[in-house]
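One structure is given here, and the rest of the page talks about it.
The values are calculated or read from the model by the stated rules, or taken from the named source; none is laboratory data. Given the structure is predicted, the values throughout are model-derived calculations rather than measurements. Reconstructed Cβ throughout: ideal geometry from the backbone, glycine too, with neighbour counts over all protein chains shown. Accessible surface is based on the protein model in full, side chains and every heavy atom, while ligands, DNA and RNA are left aside. Shrake-Rupley method; radii C 1.70, N 1.55, O 1.52, S 1.80 Å.
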Amino acid sequence: MIVVSHQAATLEKFCRTAAVLRDGKLHMFDTLEEAKQLYDYSAQG
């Protein structure tokens, strides 16, 4: 299943791994915490 969300709480509930699409590149991560370090939640609000 693929979950697409800008809400950290939603991702934490359903996901263990994550990917971040940034500047046209897809960055894959083994953990959600790693993805959250790259993703800028403050810029999305």
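Taking the listed residues Asp30, Asp23, the one that is at pLDDT below 95 and among the acidic types (Asp, Glu) is Asp23, with no other qualifying.
Any idea how many residues of segment 1-27 are closer than 12 Å to Tyr39 by Cβ and either in a strand (DSSP E or B) or open to solvent by 90 Å² or more (accessible area, probe 1.4 Å) (or both)?
Start the filter on segment 1-27 by keeping residues that are closer than 12 Å to Tyr39 by Cβ, which leaves 5-8, 11, 18-22, 27.
In the following step, the residues that additionally are either in a strand (DSSP E or B) or open to solvent by 90 Å² or more (accessible area, probe 1.4 Å) (or both) were identified as 6-7, 18-22, 27.
Qualifying residue count, segment 1-27: 8.
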